[in-house]
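The values are calculated or read from the model by the stated rules, or taken from the named source; none is laboratory data. Given the structure is predicted, the values throughout are model-derived calculations rather than measurements. Neighbour counts run over all protein chains shown; Cβ positions are idealised from the backbone, glycine included. To get the accessible areas, we keep the full protein, side chains included, count just its heavy atoms, and leave off ligands, DNA and RNA. Shrake-Rupley method; radii C 1.70, N 1.55, O 1.52, S 1.80 Å.
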Amino acid sequence: MNIKKVAVLGSGVMGSGIAAHVASAGCQVELLDIVIDEGAPDKLAAGALEALKKSKPALAMHASFLKKIRPGNLRDHLERIADCDWVVEVVKEDLAVKRTLYDRVEPLLKAGAWVSSNTSGIPLKMLTEGRGEAFRKRFVITHFFNPVRYLRLLEFVRGPEVDAAEAADFGAWLEEVLGKEVVPAFDSPTFIGNRIGIHSIMTVMHLALREGVPFEVVDSVLGEASGRAKSASFRTADLAGVDILAATAKNVFDLCPNDEDRDIFRFPDFLQWMLDSKLLGNKVKGGFFKKGGKDEKGKPIFLSLNSETREYRVQVRKDWPILKELKGVEDPAERVRTLLTSDTEAGRLAWRCIAPNLAYAVNRLGEVTDGPLNVDRALKNGFAMEIGPFELWDALGVERVVARLEFDGIPVPGLVRRMLEKGLPSFYRWEHGLPTAQLNPKTLAYDPILEDRRAIVLRREEARGKVIAENSSAQLLDLGDDVACLSFRTKMNALDDGIILLMEEAVQKHVPGRFKGLVVGNQGQHFSAGANLVMVLNAARDKRFDLIHEVARRLQYAGRMLSYAPFPTVAAPFNLALGGGCEVSMAAQRVVGHAELYIGLVEVGVGVIPAGGGSLQMLLRMEDALGQKERGPMPKVKAAFQYIATAHVNTSFDEAQRAGFLRRTDRRVMNKAFLLHEAKQEVLRMAADFQPLQERTLRLPGLGGSEALKLAVKDFQLQGKATEYDGVVLGALAEVLCGGDVSPVQEVTEERILELEREAFARLCANEKTQARMEHILQKGKPLRN
């Protein structure tokens with residue numbers, strides 16, 4: 001599959017989002033829309049492109065990718081699709097409009113080009129009616145979810161005339177190049193995700209209105225505590241748009257007359273009132289919730305609609321102890337099971353909200369897709385759930401769920417009764433916490449879940465006996481083909497003594513002579529949120545500054561081992577790679593990172609500077625990034641100082657690479673599921689012609705440079721943009737980056753910079769104001785400006 005140029009027909013929210021994402025993947029894009037202004041015929045597409053440049057959060061991986069999008073109009077520029085490999089239609093959800101457009105598109109298509117529609121409600125067979133054979137053989141539905149960059153789900157519907165192997169190739173391209181979770185769906189109204197996900201939201205809405213439960217109270221139990229998105233139900237509706245929610249619900253109501261829960265999709269009077277009042281969510285700054293100014297302490301006030309008075313009021317807060325307890329539970333199955341089986345008000349409310357949707361999901365098998373796995377994949381990737389409905393059935397126990405449904409008077413799905421009659425206890429067969437087979441609803445047999453060779457699952461490798469060494473914080477595993485993997489397993493994958501120890505042992509003892517190289521990667525929620533701050537704070541309070549100094553030294557030298565190992569080392573960061581997580585990534589000889597990478601050195605926020613080699617790495621990388629453009633010792637120092645002093649966090653791999661945090665030789669992977677596989681392949685490529693890195697010396701400006709930086713900080717203090725203690729922290733950073741009291745004509749060794757770094761770190765840890773910053777972020781989750 002070789003797709004280089006894509007046409008997106010329709011530049012609305014979805015069309016422009018698809019265009020931005022496809023351009024971010026490296027394709028040239030033609031973005032076309034209708035003419036609404038004869039004086040500016042490209043107005044819609046050009047306006048959409050301008051809106052993309054301002055979008056927050058950004059819909060493109062980097063602003064430079066938007067240059068790949070050429071705006072135009074459907075009247076004058078449709079012939080541009082003639083050399084496109086894929087044409088995706090995203091116009092008005094109106095069959096007549098789409099058919100009229102297809103009449104014009106069909107004769108212009110090049111041989112072998114794919115055509116797809118982003119429709120969510122019109123059956124494929126109606127879209128292709130009257131089209132030629134060649135068109136029908138290359139036409140599919142590709143239903144993206146909004147925002148396209150951030151929601152991975154893509155529902156894929158093919159008709160009977162589309163070759164299965166060719167469709168599989170197209171699906172593989174969508175997975176690898178666009179990073180999508182491609183889920184096969186049947187040609188049914190709203191497909192999988194919206195059919196079941198909107199049922200969940202509408203069920204919860206009817207319950208909240210019927211029982212008079214405030215919307216924010218419902219959301220408090222239906223977020224992370226229930227293994228669902230943080231935005232839960234009503235905030236999700238505000239994010240997506242209340243009108244979009246309503247339109248999808250109406251589609252199901254109109255197109256599914258035999259749905260046993262059809263009335264759930266009927267608008268309650270309150271929802272119709274919201275639509276009439278244009279309370280459509282975040283896009284109009286008011287939906288179920290809105291911001292309401294600030295309190296006397298300057299903190300924002302959040303308001304919620306009162307369903308009885310239909311006026312906004314201050315949100316109700318329920319102090320339910322179980323919700324606080326569940327914040328410490330990382331395993332989503334355990335978290336949801338604990339909540340739903342608890343004899344608490346929160347647990348009972350969560351069960352009443354979730355139970356009807358569990359039954360509804362079962363009844364959709366055979367209608368929206370063929371098995372439990374596709375439903376769970378759709379809900380997890382389209383609605384950001386941590387655990388899908390069938391995984392939840394199994395986590396709770398099918399028999400227990402049935403008993404409780406019967407007690408509550410909720411009809412038990414016929415499939416579940418047949419399962420129990422045959423003695424089938426679950427929807428999946430599980431091994432070591434992973435599903436290996438799924439129930440076939442037609443045969444009541446378990447079909448094996450085929451492994452994707454591109455997706456390495458560390459828990460599966462562990463179950464196969466591939467563990468080489470481990471402790472409570474980390475594991476070293478054999479990935480096969482003579483490549484090892486160092487994996488973290490602390491909370492938030494925070495770096496601690498155990499991780500540092502196994503990193504040292506891996507490089508010195510386990511990998512040499514046995515493996516071609518090492519991948520540093522894991523499969524938690526984040527690559528690493530930084531160092532174990534609790535450990536550092538406790539040591540500081542106990543005045544164990546010798547311990548702090550030693551831990552910093554060991555982390556620095558573990559990083560140096562990765563840098564100068566006599567074999568390839570590749571880091572595979574994803575999501576958060578902050579502080580120490582950023583330092584470990586930069587210490588590796590190469591990075592193969594996920595496109596959604598949020599990486600930066602954020603230590604100043606807790607009153608310290610990087611202590612695991614981050615200062616040194618930034619100097620080296622800024623020197624490489626500036627190259628011959630900026631000679632002399634000061635430019636690289638200024639660039640490194642600016643990034644560290646502002647705790648700059650890059651919001652994508654591409655942004656980090658362009659900022660110099662990552663090298664040009666580092667490589668991006670769009671699909672996180674394939675990240676470890678690609679990192680392993682990178683190790684093998686490097687091993688074929690491996691040349692170890694050599695240490696460098698740096699020319700740094702010394703005291704003159706650090707004084708100049710301190711003066712700049714003083715200016716910020718005078719403007720009220722930096723506190724007095726910020727000056728202390730940033731002054732220490734300036735001294736480290738400038739090489740201490742070195743002469744500008746001297747060469748500074750890497751060892752000297754590391755020594756300055758850890759001394760400054762330990763010195764700052766001794767300060768009560770730094771300790772206060774650490775305590776505040778641990779308790780409040782936000783920085784303290786003291």
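Structure notes:
- Solvent exposure, largest accessible area first (probe 1.4 Å, DNA, RNA and ligands not counted), of 313, 131: 313, 131
- If you take the Cα centroid of the range 713-774 and the Cα centroid of the range 192-265, the two points sit 51 Å apart.
- Prolate/oblate/rounded label for the range 488-635 (Cα gyration tensor, a/c 1.5): rounded
- Angle between the chain longest axis and helix 242-255 axis [Cα atoms, degrees, rounded to 10]: 30 degrees
- For the chain, the longest principal axis of the C-alpha atoms and the axis of helix 345-364 are separated by about 60°.
- By the Stokes-Einstein formula, at 1.306 mPa s and 10 °C, the range 461-545 with its Kirkwood radius over alpha-carbon pairs has D equal to 116 µm²/s.
- Inter-part distance where the range 36-62 and the range 397-432 are each reduced to a Cα centre, Å: 50 Å
- Each of 723, 649, 697 was placed along the dipole of the range 588-735 (beta-carbon charges, centred on the mean Cα), and the one lying farthest toward the positive end is 697.
- Mean-position separation - Cα centroids, the range 338-385 and the range 630-681, in angstrom: 39 Å
- All C-alpha pair distances within the chain, sorted into 20 Å bins from zero, spread as 15, 44, 35, 6, 0 percent across the bins.
- Heavy-atom accessible area per residue - the range 428-532, 1.4 Å, Å²: 46 Å²
- Once the Kirkwood radius over Cα pairs is known for the range 36-178, the Stokes-Einstein relation at 20 °C and 1.002 mPa s delivers a diffusion coefficient of 129 µm²/s.
- Stokes-Einstein D (µm²/s) once Rh is taken as the Kirkwood radius of the range 265-305 over alpha-carbon pairs, at 25 °C in 0.890 mPa s: 215 µm²/s
- Cα long-axis angle, helix 703-718 against the chain (0 to 90 degrees, to the nearest 10): 50 degrees
- Report summary: the helix-based calculation at 222 nm, which adds -39500 (n - 2.57) for every DSSP H run with n ≥ 4 and divides by the residues of the chain, gives -13000 deg cm²/dmol.
- A Cβ-based charge dipole, computed about the Cα centre of the range 466-588 with Lys and Arg at +1 and Asp and Glu at -1, lands at about 140 debye.
- Of all DSSP beta bridges in the range 463-581, antiparallel share, percent nearest 5: 45 percent
- Distance histogram for the range 360-501 (every C-alpha pair counted, 10 angstrom bins, percent rounded to whole numbers): 10, 32, 28, 19, 10, 1
- Overall shape: prolate for the range 271-416, with the ratio a/c of the largest to smallest alpha carbon gyration tensor axis at 1.5 or above and a/b above b/c.
- For the chain, the carbon plus sulfur part of the accessible surface works out to 51%, probe radius 1.4 Å.
- For the range 666-786, the solvent-accessible area works out to 50 Å² per residue, with a probe of 1.4 Å and every protein chain left in place.
- Dipole orientation for the range 284-370: of the candidates 350, 333, 300, 300 has the Cα lying most toward the positive pole (charges on Cβ; Lys, Arg +1; Asp, Glu -1).
- Assigned charges on the beta-carbon of Lys, Arg, Asp, Glu; the range 430-499 dipole about Cα centre (debye): 300 debye
- Model label zone, residue 313; criterion: amide N under 20 Å from point 7 Å along Cα-to-beta-carbon; scope the range 250-278: 269-271, 273-274
- Taking all protein chains as they are arranged and a probe of 1.4 Å, the heavy atoms of residue 655 leave approximately 50 Å² accessible to solvent.
- Residue-normalised accessible area of the range 18-158, given per residue in Å² at a 1.4 Å probe: 41 Å²
- Placing +1 on each Lys and Arg Cβ and -1 on each Asp and Glu Cβ, with no other charges, gives the chain a dipole about its Cα centre of roughly 1080 debye.
- Per-residue extension of 0.36 nm, minus the Cα-Cα distance of residue 463 and residue 54, leaves a gain of 142.6 nm for this segment.
- Projecting the Cα atoms of 168, 184, 197 onto the charge dipole of the range 157-199, computed from C-beta unit charges around the Cα centre, puts 197 farthest toward the positive end.
- Measuring nothing but alpha carbons in the range 213-280 and taking Rh as the Kirkwood radius, the Rg to Rh ratio lands at 1.01.
- Cα shape, the range 348-428, gyration tensor, a/c 1.5 rule: oblate
- Rolling a 1.4 Å probe across all protein chains gives residue 62 an accessible area of roughly 50 Å².
- Dimensionless Rg ratio for the range 216-338, taking C-alpha atoms and the 2.2 N^0.38 Å reference: 1.22
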